[in-house]
């Protein structure tokens, strides 16, 4: 099949923590699987200073997107295992083997706690 890329073993993938630059969106291949697209920046700017666009296709990707859609907002960190990294017109692109929500930073936890207490005060 033209354009097919086999999924490599774990030791052939790049593990990175990234932050979302924009909301994740769904995607699909014509006649193929559905999935999601991630527009991200590196938490270590030297890794990919101009950002990254990565695609994750398949049932696991679709289930992850549906389960976490509300959390996949700009600034949220994800732990990704990437493969098939390539430059496309100056933009770094990759495919995602695995994706997980990274633990929230303290600033996100404090913001969530503040939002929850403000909401409770308004409803009291």
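Derivation of every value follows stated rules applied to the coordinates shown; laboratory data play no part. Just so you know, these numbers come straight off a predicted model, no measurement behind them. Counting neighbours? That spans all protein chains shown, and the Cβs are built from the backbone with ideal geometry, glycine included.
Each residue, residue 23 and residue 79, gets one label point 7 Å from its Cα in the Cβ direction; the gap between the two is 2.7 nm. Between residue 87 and residue 44, the distance separating the two model label sites (each 7 Å from Cα on the Cα→Cβ line) works out to 2.0 nm. In whole angstrom, note down how far apart the Cα centers of segment 79-101 and segment 18-58 are. Here the two parts' Cα centres lie 7 Å apart.
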